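Derivation of every value follows stated rules applied to the coordinates shown; laboratory data play no part. Worth saying up front: this structure is predicted, and the values here are computed from it rather than measured. Cβ sites come from the backbone with ideal geometry, for glycine too, and all protein chains shown count toward neighbours.
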Amino acid sequence: MGSVPNGRYPVGVTFPVVGMVGGGQLARMTHEAGIPLGIRFKLLSDTPQDSAAQVVSDVVIGDYRDLDTLRDFARGCDVITFDHEHVPTEHLRALEADGIPVRPGPDALVHAQDKGVMRAKLDALGVPCPRHRIVRDPADVAAFAAEGAAAEGDTEGDGFPVVLKTVRGGYDGKGVWVVRSAAEAAEPFRAGVPVLAEEKVPFVRELAANVVRSPHGQAVAYPVVESRQVDGVCDTVIAPAPGLSEGLAGHAQDLALRVARELDVVGHLAVELFETADGRVLVNELAMRPHNSGHWSQDGAVTSQFANHVRAVLDLPLGDPRPRAKWTVMANVLGGDYPDMYAAYLHCMARDPQLKIHMYGKDVKPGRKVGHVNTYGDDLDDVLERARHAAGYLKGTITE
Ligand code: ADP
């Protein structure tokens, strides 16, 4: 290890440089996790105002879609990792050809970039997923729906509703449509990207199985969590998922570890799952980076997802993923009508000295994730109430 001196550190400092592409809150919190280890951090960010660009000292402002920019950025980095999954695969291959380790590598990352590729691979591995196929147009969506009705022996129904997803570019529910007829199915095709149709799973709840894997093959599994969404956006995460049987939790962890191994993922992998009424789990999505469903681990686990992601990309031994409290709850703070969240600190901190606040330095815009809070303790109702209160108070929806 050891990189090009750039005047930022004393000459004798030879700690590795982690290059992070993307300046969002995940980069900001990954940087934070590397600080106690003395890891140096270099950031490629779209703007100086991005969440991580505000706090990292070594920042390159540039466009990750431009190969020359990426190459210049990668010079002097010991490893490249990501805040998001949007870097073109061919660019990542070029960096690898230049001799820069890219973690997770392009062959793994494509499964988190393209939902069509991900579904095909999971099918090949025999991993349970919602019924799905790529559809060509609204008429094909109707055919997909009808196939579902026929498979269920439903001779009356048309098989709707169906979930449609653009295979690339979606996040936080954007790029996902629930359609009730072929007539409603026109919109997803407008973007000109392939569209994936899925059965609308009547899940009882959403879970996430988060694991971290290193290049030398060590892997750790966090407790399976419950993730509650509001309007397609994660609202609350409970660790561990309340009432989840040991059998199903272990199965979900094994499944996530297997996906990480088979896809050769390095770093944090979030496997988003649907739990069904008959006690099965189906894979919804994969994310190969620290993930919202793992934020609880900052305060609730021995080693956070961010710290373990840093360890993994540097091929260091991984840290203990076990929980530190019986229950930890993470509640996202979404932008509301009150732009001055700092004013809310006085009340939140005085009311709950155990509260952990994590703000991202982002503009408060309605519905935008601008931070989260973590609470922990022995009584789930109490822990949930404290998290909800703090998130609501910061947002301005709770005023006392
Ligand atoms: P993204 O993470 O890109 O926003 P997801 O595929 O995770 O998109 O979908 C967002 C949300 O939509 C999920 O968390 C879930 O609540 C709902 N959803 C997605 N796919 C299905 C499905 N096949 N059946 C039922 N609900 C779904």
(request) Output the qualifying pairs, or none if there are none: Cβ atoms under 8 angstrom, residues six or more apart or on different chains, first residue in the range 343-368 and on the phi > 0 side of the Ramachandran plot, second residue basic (Lys, Arg). (result) Gly361/Arg28
(request) Identify the residue in the range 47-101 that is of a type in the set (S, T, N, Q) and over 19 Å from Val313 (Cα atoms) and, among all such residues, is surrounded by the fewest Cβ atoms within 10 Å (Cβ to Cβ). (result) Thr47
(message) What pairs come out if I take residues in the range 157-183 that are closer than 16 Å to Ile134 by Cβ and pair them with residues that are more than 7 Å from the ligand (Cβ to nearest atom) and of a type in the set (Ser, Thr, Tyr) whose C-beta lies under 8 Å away, six or more apart or interchain?
(response) Gly175/Thr166
(request) Please name all residue pairs, on different chains or six or more residues apart, with Cβ atoms under 6 Å, provided the first residue is in the range 373-391 and is touching a residue at least 24 places away in the same chain (Cβ under 8 Å) and the second residue is among the acidic types (Asp, Glu) and not in a strand (DSSP E or B). (result) Asn374/Asp299; Arg386/Asp352
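Scan the range 135-169 residue by residue and report those that are in a loop (DSSP other than H, G, I, E, B), away from the ligand (no atom under 16 Å from the Cβ) and over 31 Å from the mean Cα position of the chain (by Cα).
Residues satisfying the conditions are Gly153, Asp154, Thr155, Glu156, Gly157, Asp158.
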(request) List every residue pair whose Cβ atoms lie under 9 Å apart, where the two residues are 6 or more positions apart in sequence or sit on different chains, the first residue falls within the range 80-109 and is free of Cβ contacts under 8 Å to residues at least 12 places away in the same chain, and the second residue, located anywhere, is β-branched (Val, Ile, Thr) and surrounded by 19 or more Cβ atoms within 10 Å (Cβ to Cβ). (result) Glu96/Val102
(request) Identify the residue in the range 189-216 that is of a type in the set (Lys, Arg) and surrounded by fewer than 24 Cβ atoms within 10 Å (Cβ to Cβ) and, among all such residues, is nearest to the ligand (Cβ to nearest atom). (result) Lys200
(request) Please find, within the range 170-184, the residue that is farthest from the ligand (Cβ to nearest atom) out of those that are farther than 29 Å from Arg280 by Cα and surrounded by 13 or more Cβ atoms within 10 Å (Cβ to Cβ). (result) Ala182
(request) Would you check if there is a residue in the range 311-320 being more than 29 Å from Val167 (Cα to Cα), touching a Ser or Thr at 6+ places or on another chain (Cβ under 8 Å) and buried (at least 21 other Cβ atoms within 10 Å of the Cβ)? (result) yes
